[in-house]
Amino acid sequence: MMGSLKTAAGKLAGRTAFGKELLIRLRDLLKRVWYQVFYAHRYPVDERMILFESYLGRQYACSPRALYEELMRSGRGKEFRIVWAFEAPERYQGSVRGTNVLLVRYGSREHMQAYARAKYWITNYRIPVHVRKKRGQVYVQTWHGTPLKKIGCDTVNHLEIKAANRRTHGYYRRDGRQIDHLISPSAFYTEKVASAFAMDHADGRALELGYPRNDCLFTFTKKDVAVLKERLHIPLDKKVILYAPTWRDDQHQAGVGYTYRMGLDMERLKESLGPDHVILFRAHYMIRRLFDFREFEGFLYDVSDYDEIGHLYIVSDLLVTDYSSVFFDFANLKRPILFYMYDHQEYKERLRDLYFDIDRLPGPVIRKVKDIGEDIRQLERSFVYDERYQAFNREFNPHPGPCSGEVLKNILFCAMIR
């Protein structure tokens, strides 16, 4: 009897999951029709309009920000009508300014109008599932990080039902068919991101010129460091450790979203490092933080809401991370990196898997839960920019130096000349 009930419950759960998936696909279809009827067919393409967005409108950051600021700094920004889409546009009224710059709410009617009208779309994430590029529009993809963990169509997430996983892959493939320019810092990045988006080929679409968001890593001054530390309220005489872990697919709460269980005993770490260190904690943008920082005030700084992560790299003496892409960018500074992969086997086999083996990483790897304070101090004492680290940069950061100007030249001004 009990076995029969379990079987019936399992069938009901399967139907429920199937029904949910069917509703999602129906919703996507209706939104595509809605976009085509009320926006795509109604508004002609404006050859002088650019739409920028970053992290689904959550931040003013990453390569879209770098390209926008270079465009304005060059003086050629005035040649365009520029739209920025933010979840909270009022937050950026003071920092994103210009008589030819319009801030709109992400997902709003004005945002959809901009998609229908803008000649150029510049983003670091996927575009909305219902938006379709029209003839004459140009989609510039600046994906937010060189991937270590598998992403997009390369994932086989054991925590998701197969139908949902297929749908997610479909979103990436749809984007991949529309991308005109893939802004890339390396051949590795081009290969893996193109695979994640199921792009048949990246030749002719990939611009391996560098990573615009890293421009600041090659142009900052000592004065910039002092100004940033003052802005972040970091004492000038402290050693700064940036802790930037990624999220975990299995750390999710209904109605809350993705969370994060910190793999560090912060009390022990504070004792191990002593009063001459501070920690900057940078949560992945998908994580909603449930950590109380007040207990460690003066030692632990929550910088998760600070938009531009490049500024955090600049003020940090050492990086601690796991599977996040941050270390690829931080490596441009040739500073020490410690990999705290206490759940490596589980992550690799059960969650995401990795694009390459961790023995190629440019720093020591910790594979168990422990107090890492002494490991940090040891790395500070012994760090050398050795051949292994140099080889890593030759492969993954082969274009040191600012690149935003060259990227803009290729995606905007060369197209205008043609």
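The values are calculated or read from the model by the stated rules, or taken from the named source; none is laboratory data. As the structure is a computational prediction, the values presented were derived from the model and not from experiment. Here the Cβ is made from the backbone with ideal geometry for all residues, glycine too, and neighbour counts use every protein chain on show. Calculation scope for accessible area: heavy atoms of the full protein, side chains included, ligands and nucleic acids excluded. Shrake-Rupley method; radii C 1.70, N 1.55, O 1.52, S 1.80 Å.
Quick notes on this structure:
- Test result for GLU47, acidic (Asp, Glu) and surrounded by 16 or more Cβ atoms within 10 Å (Cβ to Cβ): no
- Listed by first and then second residue, the pairs with beta-carbon distance under 8 Å, at least 6 apart or on different chains, first residue in the stretch 166-177 and at pLDDT below 95, second surrounded by fewer than 16 Cβ atoms within 10 Å (Cβ to Cβ), are ARG167/ILE24; ARG167/ARG25; THR168/GLU160.
- Those residues of the stretch 340-386 which are over 20 Å from TYR313 (Cα atoms), open to solvent by 40 Å² or more (accessible area, probe 1.4 Å) and among the aromatic types (Phe, Trp, Tyr), in sequence order: TYR342
- Flag for MET72 being open to solvent by 40 Å² or more (accessible area, probe 1.4 Å), more than 21 Å from the chain's Cα centre (by Cα), modelled with pLDDT of 95 or more and more than 30 Å from HIS169 (Cα to Cα): yes
- Here VAL129 clears all of (1) among the aliphatic types (A, V, I, L, M); (2) free of Cβ contacts under 8 Å to residues at least 60 places away in the same chain; (3) in a loop (DSSP other than H, G, I, E, B); (4) open to solvent by 20 Å² or more (accessible area, probe 1.4 Å) except the condition numbered (2).
- Test for HIS111: is it surrounded by 19 or more Cβ atoms within 10 Å (Cβ to Cβ), in contact (Cβ under 8 Å) with a residue 12 or more places away in the chain and in a loop (DSSP other than H, G, I, E, B): no
- The set of residues in the stretch 347-403 that are more than 20 Å from PRO245 (Cβ to Cβ), of a type outside the set (A, V, I, L, M), without any contact (Cβ under 8 Å) to a residue 60 or more places away in the chain and part of a helix (DSSP H, G or I) comprises ASP359, GLN378, ARG381, SER382, GLU387, ARG388, TYR389, GLN390, ARG394.
- Within the stretch 196-239, the set of residues being open to solvent by 50 Å² or more (accessible area, probe 1.4 Å), part of a helix (DSSP H, G or I), more than 22 Å from ASP302 (Cα to Cα) and without any contact (Cβ under 8 Å) to a residue 60 or more places away in the chain comprises LYS222, LYS223.
- Against the list (1) within 22 Å of GLY136 (Cα to Cα); (2) in contact (Cβ under 8 Å) with a residue 60 or more places away in the chain; (3) in a helix (DSSP H, G or I), the condition TRP121 fails is (3).
- Among (1) farther than 29 Å from TYR139 by Cα; (2) without any contact (Cβ under 8 Å) to a residue 40 or more places away in the chain, the one test that ASP343 misses: (2)
- Single unsatisfied condition, TRP143 versus (1) hydrophobic (A, V, I, L, M, F, W, C); (2) modelled with pLDDT of 95 or more; (3) over 24 Å from ASP307 (Cα atoms); (4) in a loop (DSSP other than H, G, I, E, B): (3)
- Of all residues making up the stretch 323-339, the number that are in contact with a strand residue (DSSP E or B) (Cβ under 6 Å, 6 or more places away or on another chain) and either at pLDDT below 95 or surrounded by fewer than 20 Cβ atoms within 10 Å (Cβ to Cβ) (or both): 2
- Breaking point among (1) open to solvent by 10 Å² or more (accessible area, probe 1.4 Å); (2) within 23 Å of the chain's Cα centre (by Cα); (3) modelled with pLDDT of 95 or more, for ARG117: (2)
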